[in-house]
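Take a look at the structure set out below.
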Amino acid sequence: MIEPPIIVHRPLGRGGRHVTALGQDIGVAYSDVDVIEFLRQSGIDETDAEAMVDGDSPEIEWQGAPAHHYGAA
């Protein structure tokens, strides 16, 4: 199975989630706004990044917790 290029990992014990793109760490997100900004900084158009985060995009995998949840595990 091929992993999606963007993975929002399980929530950290202190809150927030590591985000990786193509296997590289791009930051710790505490909200959807953070994920969108990381994607924008990675070269994805902001409108496309917003659509990817807001929708059920196959390009993003949310691991260990529901999408859009950033609280402590």
- Between His69 and Asp32, with labels modelled 7 Å along Cα→Cβ, what's the label distance in nm to one decimal, could you check? 1.6 nm
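GluC sites (Glu not before Pro) within the range 22-54: which are DSSP loop residues with at most 15 other Cβ atoms inside 10 Å? Don't skip to the answer; put the middle values down first.
On the way: sites: Glu37, Glu46, Glu50; in loops: none.
Those that pass, being in a loop and sparsely packed, number zero.
Over the chain, give the accessible area per residue in Å² for a 1.4 Å probe, as an integer. Before the final figure, lay out each step's value.
Working: 4430 Å² over 73 residues.
For the chain, the solvent-accessible area averages 61 Å² per residue.
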- Item | Given (i) 1.06; (ii) 0.99; (iii) 1.22, the label whose value is Cα Rg over 2.2 N^0.38 Å derived from this model | (ii)
- Note on the structure: Quick calc, the range 1-72, dipole around Cα centre from Cβ unit charges on Lys, Arg (+) and Asp, Glu (-), nearest 20 debye, gives 460 debye
- Note on the structure: Quick calc: nm separation of the 7 Å Cα→Cβ label points for Ser57 and Gln41 -> 1.6 nm
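Relative contact order for the chain: what percent, with Cα pairs under 8 Å and sequence separation of 6 or more? Write out the running numbers ahead of the final one.
On the way: 121 pairs, mean separation 30.5, N = 73.
Relative contact order comes out at 42 percent.
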- Note on the structure: Once both label points are put 7 Å beyond Cα along the C-beta direction, the Asp48-Arg10 separation in nm becomes 3.2 nm
- Task: Evaluate the charge dipole of the range 16-56 about its Cα centre and quote only its size in Debye, nearest 20, assuming +1 on the Cβ of each Lys and Arg and -1 on the Cβ of each Asp and Glu.
- Result: 220 debye
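The values are calculated or read from the model by the stated rules, or taken from the named source; none is laboratory data. Values in this document were obtained by computation on a predicted structure and should not be read as measured data. Don't worry about glycine lacking a Cβ; one is built from the backbone with ideal geometry, like all the others, and counts go over all protein chains shown. Each accessible area value is taken on the protein alone, full model and side chains, heavy atoms only, with ligands, DNA and RNA left out. Shrake-Rupley method; radii C 1.70, N 1.55, O 1.52, S 1.80 Å.
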